Amino acid sequence: MELLNWAYKLFKSIGFGHVSATYVNLIINLIIIAVVAYVIDKVAKRILVVGFTLFARKTKTSFDDFLVTNRTPKFVAHLIPILFIYKVVPVALKDFTYWEYVFSKGIATFLILISLWIVRSIFNAIGDHLKLQPDYNDKPIDSYVQLLMLILWIFGITAIVLMLFDIKFQNLLATFGAISAVVIIIFKDTILGVVASIQVTINDIVRIGDWITIEKFGADGDVIEINLATVKVKNFDNTTTTIPTYSLVSDSFRNWRGMQSSNGRRIKRHILIKANTVRFVHRDEIKEFSKIQLITAYIEQRQNDIDKYNAQNGVDKSLSLNGRNLTNLGLFRKYINCYIETHPGVNKDMTIMCRHLQPTEKGIPIEIYLFTSDKRWINHEYIMADIFDHIIASVAYFDLEIFELPSGKGYIDA
């Protein structure tokens, strides 16, 4: 105590009045305390940060490395000068009751804030550590951390308000109830984000690493970050799209995770056959079509069934329309089905189908529906192109034609 009065005695001895000497003594003491606190802060940070960094390098776990990255030792070091100030300043302010009261409020506020910063840095370190674990690397860890911090910040700010204004907790609740509508309007996006983030997590709607497509926002790529406010998507053209988290709940989008975790990736594509090229197969053409090995057995069996039916029913085959007949389109569809069933890139345990869709003004759609065994994008596209290259080249062998819009050059030549 005597140590803090040396300036008062000095200035009193050289003729200063009591009040003047008291204020000069206070100012000098506060300056000295601030300088000492600053030095303590620098030394504490140096010791804790450097010491903890060296310790983290020697350990095998990555958690302590993330504590250093998120500056946890630095925030903890701030507590030491704060505790010094908390003990010394009230002694210096013993004759200034009002300023001692203000100081106590200020230092308590700062202690709450620094505690929240320490907890936040620890949570961030935990989140970064969990992202490296196989069981958690696809989970929205950032959302969990932000949700916990949001709750802690609400409690922290509430405690600060209660402490600064000496308000009872019951009165604060009544005040919040009165202004709840205003609070909801101001924090609408945050509230929607919190609710959406909880729904996304509980219902497992989206995970980090999922490929999603949201046409409304032009997003088509992999989810790289999920937090309370936004979801970040890295598109396949290497651009980044940020969308509101609540859009995953309020809007429709496509998640390709099911395809990626399944046993195959779908091909669903058609070609258009000119309707006027579809016809019955004449009997003298059967031998030629039978040379197509994939459908040789089918043609023989099918033609035997047709001949047996026509004979039993006395069908007049002088007209091809009568009775049952093979068609070039039917043989083509059967050929496609046999071809894709034997293709090495097709998953034989999943649906394989060549089907006839509703005819349109542009022709008859013949759709190929199957799943490739290789789900990787480039390989999937290669298998699909390989299949359709063969199918398109095969059309002419069945005396069929693919529909194409006439080009301008074709009109001029005509």
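Residue-wise test of (1) more than 31 Å from the chain's Cα centre (by Cα); (2) among the polar types (S, T, N, Q); (3) at pLDDT below 80.
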{"residue": "VAL68", "(1), (2), (3)": "no, no, no"}
{"residue": "VAL76", "(1), (2), (3)": "yes, no, no"}
{"residue": "LEU79", "(1), (2), (3)": "yes, no, no"}
{"residue": "ILE82", "(1), (2), (3)": "yes, no, no"}
{"residue": "LEU93", "(1), (2), (3)": "yes, no, yes"}
{"residue": "THR97", "(1), (2), (3)": "yes, yes, yes"}
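Could you list, in sequence order, the residues of region 381-394 that are in contact with a helix residue (DSSP H, G or I) (Cβ under 7 Å, 6 or more places away or on another chain) and closer than 23 Å to GLU288 by Cα? Before you say what the answer is, go through the steps one by one.
If we filter region 381-394 for residues that are in contact with a helix residue (DSSP H, G or I) (Cβ under 7 Å, 6 or more places away or on another chain), which is where we start, we get 387, 390-391, 394.
Across region 381-394, the qualifying residues are HIS390, ILE391, SER394.
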Strands (runs of 3 or more DSSP E) completely within region 207-323 that count 2 or more residues being in the same structural domain as GLU381 (by TED's automatic domain parsing): 265-273
Members of region 84-98 found to be exposed (fewer than 14 other Cβ atoms within 10 Å of the Cβ) and either touching a strand residue (DSSP E or B) at 6+ places or on another chain (Cβ under 9 Å) or aromatic (Phe, Trp, Tyr) (or both), listed by number: TYR98
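Just name the residue that is surrounded by the most Cβ atoms within 10 Å (Cβ to Cβ) out of those in region 324-344 that are part of a helix (DSSP H, G or I) and of a type in the set (A, V, I, L, M).
ILE336
Quick check on my filter: what residues within region 278-321 are in contact with a strand residue (DSSP E or B) (Cβ under 9 Å, 6 or more places away or on another chain) and surrounded by 11 or more Cβ atoms within 10 Å (Cβ to Cβ)? Walk me through it before giving the result.
First, the residues of region 278-321 that are in contact with a strand residue (DSSP E or B) (Cβ under 9 Å, 6 or more places away or on another chain): 278-281, 320-321.
Those that are in contact with a strand residue (DSSP E or B) (Cβ under 9 Å, 6 or more places away or on another chain) and surrounded by 11 or more Cβ atoms within 10 Å (Cβ to Cβ): VAL278, ARG279, PHE280, VAL281, SER320.
So that you can scan it fast, the table gives a plain yes or no per residue for (1) of a type in the set (D, E, K, R); (2) buried (at least 16 other Cβ atoms within 10 Å of the Cβ); (3) more than 18 Å from VAL223 (Cα to Cα); (4) under 39 Å from the mean Cα position of the chain (by Cα):
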{"position": "TYR101", "(1), (2), (3), (4)": "no, no, yes, no"}
{"position": "ILE114", "(1), (2), (3), (4)": "no, no, yes, yes"}
{"position": "ILE122", "(1), (2), (3), (4)": "no, yes, yes, yes"}
{"position": "PHE165", "(1), (2), (3), (4)": "no, no, yes, no"}
Complete set of residues in region 337-381 that are over 22 Å from GLN260 (Cβ atoms) and among the polar types (S, T, N, Q): ASN337, THR342, GLN358, THR360
Helices (runs of 4 or more DSSP H) contained entirely in region 79-170, each with at least 3 residues that are free of Cβ contacts under 8 Å to residues at least 40 places away in the same chain and not assigned by TED's automatic domain parsing to the domain that holds VAL35: 141-164
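The values are calculated or read from the model by the stated rules, or taken from the named source; none is laboratory data. As the structure is a computational prediction, the values presented were derived from the model and not from experiment. Neighbour counts run over all protein chains shown; Cβ positions are idealised from the backbone, glycine included.
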